[in-house]
Amino acid sequence: GPAADAAEQPAMLELQKTYGKTIHTWAIDISPELPLGPPNLMVSYTADGQGPPEHMVQKRDEEWGQDTAAKRELRKGYLPPYEKADGADEWEKTGRGVKFNVNEVFQ
């Protein structure tokens with residue numbers, strides 16, 4: 001709602017500058033009760049067309065009560081145009097990424 005939208009604005013203004021690369025250590029959508037699985041390197045979508053197919057976004061919006069199109073329009077009103085840092089997307093040029101593996105160890 002409007003209160004949540006207003007509350008997210010300061011965070012979004014800061015997050016937009018970070019390029020959004022982070023390592024998620026808990027797949028909350030797969031194992032909400034317990035942190036299981038390998039860590040994942042996550043990146044933000046910085047332009048239209050980079051995310052999942054539209055039918056997946058629509059399904060997510062329906063299941064979670066979201067409106068991606070409305071959120072995109074709202075954010076256009078306060079976020080400045082995104083400017084990508086040089087070298088930020090080497091994976092697009094090289095096709096190389098990062099994969100974490102799970103290895104059980106005994107201590």
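Things worth noting here:
- About the Cα centre, charge dipole magnitude for the chain (Lys/Arg +1, Asp/Glu -1 at Cβ), debye: 300 debye
- Per-q log10 I(q)/I(0), the chain, q = 0.14, 0.17, 0.20, 0.24 Å⁻¹ (Debye; single scatterer per alpha-carbon; no solvent): -0.81, -1.15, -1.41, -1.47
- Sparsely packed loop sites in segment 23-107 (the GluC sites (Glu not before Pro) outside DSSP H, G, I, E and B with at most 12 other Cβ atoms within 10 Å) comprise 33, 83, 104.
- Cα gyration tensor shape of segment 55-107, rounded if a/c is under 1.5, else prolate or oblate by comparing a/b with b/c: oblate
- Among the trypsin sites (Lys or Arg not before Pro) within the chain, those in coil by DSSP and having at most 16 neighbouring Cβ atoms inside 10 Å are 21, 84, 96, 99.
- For the chain, the solvent-accessible area works out to 85 Å² per residue, with a probe of 1.4 Å and every protein chain left in place.
- Only lysine pairs 8 or more places apart, or on different chains, with alpha-carbon atoms under 26 angstrom apart are counted in the chain, and they number 17.
- By accessible area, using a 1.4 Å probe on protein heavy atoms only, the chain has 57% of its surface on carbon and sulfur.
- Angle between the chain longest axis and helix 2-15 axis [Cα atoms, degrees, rounded to 10]: 60 degrees
- Over the chain, DSSP H runs of length four or greater, each weighted -39,500 (n - 2.57), average out per residue to a 222 nm ellipticity of -10500 deg cm²/dmol.
- Each semi-axis of the equivalent ellipsoid for segment 12-69 is √(5λ) with λ an eigenvalue of the Cα gyration tensor; in descending order they amount to 21, 19, 11 Å.
The values are calculated or read from the model by the stated rules, or taken from the named source; none is laboratory data. It should be emphasised that the depicted structure is a prediction, and the values quoted were computed from it without experimental measurement. Heads up, the Cβs are rebuilt from the backbone with ideal geometry, glycines too, and the neighbour counts pull from every protein chain shown. With ligands, DNA and RNA removed, areas are computed over all heavy atoms of the protein, side chains included. Shrake-Rupley method; radii C 1.70, N 1.55, O 1.52, S 1.80 Å.
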